[in-house]
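To start, the structure itself, in structure tokens.
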Amino acid sequence: MTTTTSGPSVSAQPPAPDTTVRTYRQFIDGEWVEARSGATVESRNPLDDSVFARVPASSREDAAAAVQAAERAQPAWAALAPSEKRHLFLRAADLLEARTDRFADALAAETGTGRAFAQFQLGWSVSLLRHAAGWVFRPSGELLRSDNPHTMAFAERKPLGVVAGFTPWNGATVLAWRTVVAPLAAGNTVVVKPSEEAPVTAGLMVAEVLAEAGFPAGTINVVTHAPADAADLAEEFYANPAVRCLNFTGSAGTARTIAGRSGAALKRSVMELGGYNHVIVRDDADVDHAARLVAFSAFFHQGQICMNARRVLVHRPLHDAFLARLVQVAESLPVGDPRDPSTIVGPLINDRAVAQVRTRVTEAVAAGARIATGGTISGRICRPTVLTDVPDDISVSCEETFGPVVIVRPVDDDEEAISLVNASRYGLSFSVVTADTARGMEIASRVDSGAVHVNTPTVNDEAHMPNGGVKDSGWGRSGVDALDDFTEIRWMTVELGTRALPL
Ligand code: NAD
């Protein structure tokens with residue numbers, strides 16, 4: 001992979017940079033506070049490495065204070081009348097909606113997010129809050145049938161207590177709101193440890209909105225930290241008995257540590273992890289539609305969404321025409337400054353991400369792959385890259401490459417395609433493109449994936465849908481189904497007669 005200093009269609013005149021650097025405090029027990037040590041850490045703009053914000057650099061004792069506050073607040077929050085909770089969620093939705101432009105600017109500056117994805121994230125999050133306003137009135141259990149004639153029996157759903165949330169940086173706003181809303185709606189209180197790459201957009205902004213909406217002190221707490229201290233903060237979550245659930249969204253590698261440690265502490269964990277997402281393009285597909293669907297699935301947010309397509313399996317008769325059209329679409333995508341609303345492909349998050357893309361593409365070429373388009377990097381901006389002739393057993397064919405890189409591979413038939421999809425250890429999102437919808441549904445039914453889509457992209461989400469993974473992609477579900485993850489069932493009986501006892 002080559003590195004260049006300029007590219008032909010990098011957007012010409014980006015808006016003037018905002019040089020104001022804001023220093024934030026974190027949110028613990030209803031107060032905006034500094035880290036106990038007074039230390040701060042910078043959050044930087046991925047496009048030019050300028051400082052976007054300064055945030056508290058917390059240690060475990062800050063996390064402990066946040067957990068204590070959440071523990072104190074939980075019983076009253078769980079007992080608050082549903083109508084009052086509904087009012088708070090609806091007020092938060094309105095406040096968030098009114099901040100769309102400011103938060104979209106922050107997403108661009110802190111995470112390199114383009115306008116379209118930023119607006120999608122904010123709209124999704126507003127929608128989630130409005131759904132949650134209704135969830136608080138859902139039945140909290142079931143009436144069961146006891147075999148004892150005079151016994152009434154119930155299954156009652158109870159909150160867990162304190163839920164500790166870990167957010168990633170990549171879909172910062174959606175994932176921060178997803179981390180807090182369902183646990184809160186289920187009657188838990190929350191401590192969020194946002195990604196060190198997005199402490200503002202994947203954490204502090206949530207606290208800003210919920211604080212202004214009037215959520216009681218301690219119900220939501222956000223503790224930011226320096227990159228090296230994530231594991232130190234997490235120690236408090238494993239060790240403190242008040243934390244009953246670790247709610248993690250991030251990479252499978254980090255999840256192994258957190259799921260392992262929470263398992264050893266006998267605490268519940270919810271895992272929303274990465275994927276290796278496939279698209280099957282059948283020979284009856286419309287070539288132009290298939291190429292556009294794949295380009296969106298692969299390159300939106302510069303390939304840094306867990307649901308991005310990583311490999312396309314194309315029926316051999318359509319392969320060459322599909323590849324030619326995909327290359328045309330990829331080359332037409334504007335790349336550059338995410339603050340320019342026309343930009344589709346902005347910068348990767350950091351130099352490690354750039355190095356991963358460069359290494360994976362270089363390895364593929366050394367193994368015989370061909371770069372059909374792309375393969376150049378300017379600063380942190382990687383041009384949409386399409387690879388062909390890639391061996392099935394190298395990293396880029398099996399592991400998530402978090403950048404705008406997609407493989408196109410011919411297949412003889414649906415059977416070969418399905419077996420290649422199911423050979424992956426991941427199972428997050430899958431699409432099939434075909435004119436034969438019934439056949440598409442049949443294929444989708446045989447694929448191991450938490451989400452399967454017929455003629456819709458792999459990047460696909462609505463706030464109330466049960467998105468989530470299988471296999472190494474995790475086991476949490478979003479939408480209303482998340483309420484099951486953040487509650488436990490208590491069995492209750494009431495004797496209305498006199499039970500005959502065996503003594
Ligand atoms: P990451 O695993 O590096 O970090 C996620 C979170 O874990 C961050 O808050 C980080 O600070 C924390 N963390 C990292 N190491 C830790 C440790 N040793 N102890 C405690 N906490 C630690 O992931 P990322 O780079 O922020 O996010 C991108 C990944 O997330 C990709 O793999 C992507 O596919 C996945 N993802 C999945 C979903 C989903 O819904 N399934 C959504 C978005 C992102």
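The values are calculated or read from the model by the stated rules, or taken from the named source; none is laboratory data. Here the structure is a predicted model, which means the values were calculated and not measured. The protein model used for the area step is the full one, side chains on, heavy atoms only, and it has no ligands, DNA or RNA in it. Shrake-Rupley method; radii C 1.70, N 1.55, O 1.52, S 1.80 Å.
Legend: P(r) of region 365-416 from all alpha carbon pair distances, 10 Å bins from 0, whole percents, reading 22, 52, 22, 3, 0.
As a size descriptor, the averaged projected area of the C-alpha convex hull of region 154-256 was calculated at 7.3 nm². On the principal axes of its alpha-carbon atoms, region 277-454 has extents of 44, 33, 30 Å, going from largest to smallest. Helix 316-332 and the longest principal axis of the C-alpha atoms of the chain enclose an angle of approximately 80°. Rg ratio for region 199-243: its Cα radius of gyration over 2.2 N^0.38 Å, N being its residue count, equals 1.33. Across region 86-178, Cα-Cα distances exceeding 18 Å account for 60% of all pairs. Give me the angle, in degrees from 0 to 90, between the Cα long axis of helix 100-111 and the longest principal axis of the Cα atoms of the chain, rounded to the nearest 10. Roughly 70 degrees between the two axes. Globularity index of region 349-503 is 1.52 (Cα radius of gyration / 2.2 N^0.38 Å, N = number of residues).
The order of Thr487, Thr456 by accessible area, most exposed first and with a 1.4 Å probe, is Thr456, Thr487.
Restricting attention to the chain, close to 40% of DSSP beta bridges with both partner residues there are antiparallel. The Cα trace of region 14-126 gives Rg and Dmax of 17.3, 50 Å, the first to one decimal, the second as a whole number. Taking all protein chains together and rolling a 1.4 Å probe, Arg130 ends up with roughly 90 Å² accessible.
Its alpha carbons considered, the chain gives a radius of gyration followed by a Dmax of 24.0, 88 Å.
Extent of region 232-369 along its three principal axes (Cα atoms, max minus min coordinate, largest first): 59, 35, 33 Å.
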